[in-house]
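Presented below is the structure to which this report refers.
No lab work stands behind these numbers, since they all come straight from the coordinates. The shown structure was predicted, so the numbers you read here are calculated from the model rather than taken from an experiment. Counting neighbours? That spans all protein chains shown, and the Cβs are built from the backbone with ideal geometry, glycine included.
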């Protein structure tokens with residue numbers, strides 16, 4: 001049906017919108033309007049302000065004209081946060097694009113050959129032809145080291161993976177850094193952004209893992225090692241204020257050395273077990289800043305605080321928090337001993353026990369989740385150690401209070417008295 005080319009004044013005056021537009025303010029507020037909830041988005045969820053619409057034809061006041069100032073984003077308190085922000089602003093002004101890459105995994109299961117199938121009895125047993133033929137005809141026993149794990153880490157988030165040694169933490173970090181060699185079978189989905197692991201292979205420089213064991217050229221100095229690492233990541237266009245490549249690499253090297261407090265070791269050999277060099281803690285910090293020199297988008301850190309004292313480990317965690325916030329990095333860390341100061345810097349936590357995922361969610365809700373299960377938390381105790389020991393305590397609880405144990409002779413109940421005496425069942429840490 002064709003619409004009329006022009007509406008007369010009578011028709012226009014009877015339209016609902018125009019009739020509401022000519023109402024006074026008080027009558028406009030009294031007009032019933034259906035409540036249409038707005039779909040949540042990243043902008044509406046992140047905003048702390050509520051805007052109210054003015055009626056048509058009503059001139060807004062001065063207070064309504066001026067939109068409220070957006071709250072300034074607060075970054076982690078770290079000694080070099082201001083310099084980090086200035087470097088990020090300089091690169092943004094030079095036209096460098098932010099490189100952000102999240103990772104998502106679902107139903108991730110990993111299996112390896114069991115020890116009895118992978119290890120031979122002696123050197124001659126590997127030439128036992130009848131046994132080799134029988135092994136070929138039968139499927140070797142498999143061991144599951146990761147079972148149905150799932151999670152998501154977005155750019156700008158930090159995930160802490162907790163678990164006792166042998167829980168599968170390192171295996172999870174290897175898969176999330178796209179290192180899939182050495183496993184018998186891997187099932188499940190892993191997505192790096194919208195890429196699968198095969199497509200993400202060509203972006204190895206953006207997905208970096210810091211392993212627990214560091215490996216260096218021991219006769220090179222710390223300065224020479226960092227010179228080589230920084231020269232591998234020189235941008236095609238230098239940012240404003242930098243005249244040469246040498247100036248850019250020297251500035252980056254000094255920033256990284258100062259960030260971990262090892263600027264005084266620039267002329268000292270890195271060393272190893274046979275070559276005298278820096279200390280073990282300083283060598284670990286060299287490994288950390290060497291990974292940071294890659295300027296990657298996704299970092300995985302496998303027990304990177306080993307060999308560091310408590311204050312240095314806390315400064316390292318603050319540096320990761322600041323870089324994750326300012327540069328939009330994706331950070332995944334596994335720690336065996338995480339203090340409360342380090343634990344509070346993370347957004348999410350994942351607890352593993354023998355490959356099973358016990359908890360995954362916000363870090364601030366993990367303690368309440370385990371307290372609801374009946375495990376007592378003492379004020380002031382180490383939260384990370386409390387979650388790691390939860391798995392062992394839960395196994396002991398199920399064993400000693402199962403119906404089978406009730407029929408065991410009473411002389412076997414001594415372990416209960418011993419465990420209660422050491423307060424393992426209530427998971428109260430011993431007095432210091």
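The table that follows gives values for the structure above.
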{"quantity": "Cα centroid separation, segment 277-329 to segment 165-215 (Å)", "calculated": "19"}
{"quantity": "Cα→Cβ-extended label distance, 7 Å offset, between residue 272 and residue 98, nm", "calculated": "4.0"}
{"quantity": "Separation in nanometres of the label points that stand 7 Å from Cα toward Cβ, at residue 379 and residue 245", "calculated": "6.0"}
{"quantity": "Within segment 200-228, backbone nitrogen closer than 14 Å to the virtual label 7 Å beyond the Cα of residue 309 toward Cβ", "calculated": "none"}
{"quantity": "Potential extension, residue 154-residue 88 segment - 0.36 nm per residue separation minus Cα distance", "calculated": "21.8 nm"}
{"quantity": "In nm, spacing of pseudo-spin labels at residue 372 and residue 215 (7 Å Cα→C-beta vector)", "calculated": "4.5"}
{"quantity": "Burial ranking of peptide ranges 277-283, 220-226 (average Cβ count within 10 Å, highest at the top)", "calculated": "220-226, 277-283"}
{"quantity": "Difference of contour (0.36 nm per residue) and Cα-Cα distance, residue 202 to residue 344", "calculated": "47.7 nm"}
{"quantity": "Protection-proxy order for peptides 293-301, 250-258, 371-379, each taking the mean of Cβ atoms within 10 Å per residue, highest first", "calculated": "293-301, 250-258, 371-379"}
{"quantity": "Tensor-based shape of segment 173-291 (alpha-carbon gyration tensor, a/c under 1.5 rounded, otherwise prolate or oblate)", "calculated": "oblate"}
{"quantity": "Sequence ranges 125-134, 88-97, ranked by mean other-Cβ count within 10 angstrom, highest first", "calculated": "88-97, 125-134"}
